[in-house]
Amino acid sequence: MKIVVDRTKCTGLGICESLAPDVFEVDDDGDLVLKTETVPDGQLADVESAVSGCPTEALRIEP
């Protein structure tokens with residue numbers, strides 16, 4: 001499964017980073033960095049929580 005970020009919507013709040021820190025990181029400039037573009041084994045629930053918890057709906061998971 002692939003993680004997709006809509007950079008036009010992302011504001012770098014960091015909620016995704018707090019829910020799935022092995023996948024998401026907000027850098028010093030406030031930009032979201034994907035540590036991986038695919039959902040790591042055993043982390044689907046965390047990534048799904050980050051996607052659903054994104055207030056700007058900037059994240060999605062694609063097959």
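Each value in this text was obtained by applying a stated rule to the coordinates, not by laboratory testing. Just so it is clear, the model here is predicted, and its values are computed rather than measured. Using ideal geometry, Cβ is built from the backbone for each residue, glycine included, and neighbour counts are taken over all protein chains shown.
Overview of results
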| quantity | calculated |
| --- | --- |
| Looking only at the stretch 30-60, and only at residues there that are within 9 Å of the chain's Cα centre (by Cα) and part of a strand (DSSP E or B), the one that is surrounded by the most Cβ atoms within 10 Å (Cβ to Cβ) | 59 |
| Close pairs (8 angstrom Cβ cut-off, 6 or more residues apart or separate chains): within 18 Å of residue 62 (Cβ to Cβ) in the stretch 12-41, surrounded by 15 or more Cβ atoms within 10 Å (Cβ to Cβ) and of a type in the set (Gly, Ala, Ser) anywhere | 16/50; 20/49; 20/50; 23/50; 24/50; 32/12; 32/58 |
| Residues located in the stretch 7-21, provided they are farther than 12 Å from residue 32 by Cβ and in contact with an Asp or Glu (Cβ under 8 Å, 6 or more places away or on another chain) | 19 |
| Any chance residue 4 is assigned to a strand (DSSP E or B) and without any contact (Cβ under 8 Å) to a residue 40 or more places away in the chain | no |
